[in-house]
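Contents: one structure, followed by commentary.
Just so it is clear, none of the values below were taken in a lab; they were calculated from the coordinates. Just so it is clear, the structure is predicted and the values come from calculations on it, not from any experiment. With ideal geometry, Cβ positions are generated from the backbone for all residues, glycine too; neighbour counts draw on all protein chains shown.
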Amino acid sequence: MYKDGAGVKADPAAAYRWYTIARSGGYAGEDAVRMLGLLEGTLSAAQVRQAKKEAETWLQNYAKRQAGE
């Protein structure tokens, strides 16, 4: 949705973050890998680092919620 602006304003960095989260959660299909590569080509190195950091934070918080913390 963020990649194409479907129902939300297009945001390549947010799309990159959510594809990273999906891939970390086991969705490592060719589509995810391809989309991460395409999106990375539209973002600055700083945006990619930030998106990866936000994805990692989201994943850590999710793990804590699942553990009941």
Report summary line: Taking Cα atoms only, Rg over Rh for the chain with Rh from the Kirkwood formula is 1.00
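Quick one: length gained pulling R23 to D4 fully straight, 0.36 nm per residue minus the C-alpha distance? Before the final figure, lay out the partial values.
On the way: separation 19, 0.36 × 19 = 6.84 nm, distance 1.87 nm.
Value of the extension gain: 5.0 nm.
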Query raised in the report: Under 23 Å Cα-Cα from K3, which lysines qualify once same-chain neighbours fewer than 8 residues away are excluded?
Result: K52, K53
Requested in this report: May I ask you to list the trypsin sites (Lys or Arg not before Pro) in the chain that are in a DSSP loop and have at most 16 other Cβ atoms within 10 Å of their Cβ?
Outcome: K9
Report summary line: Among chymotrypsin sites (Phe, Trp or Tyr not before Pro) in the chain, those in a DSSP loop whose Cβ has at most 12 other Cβ atoms within 10 Å are Y27
Requested in this report: Just grab the label-to-label distance for K64 and V33, each label 7 Å out from Cα along the Cβ direction, in nm (one decimal).
Outcome: 3.3 nm
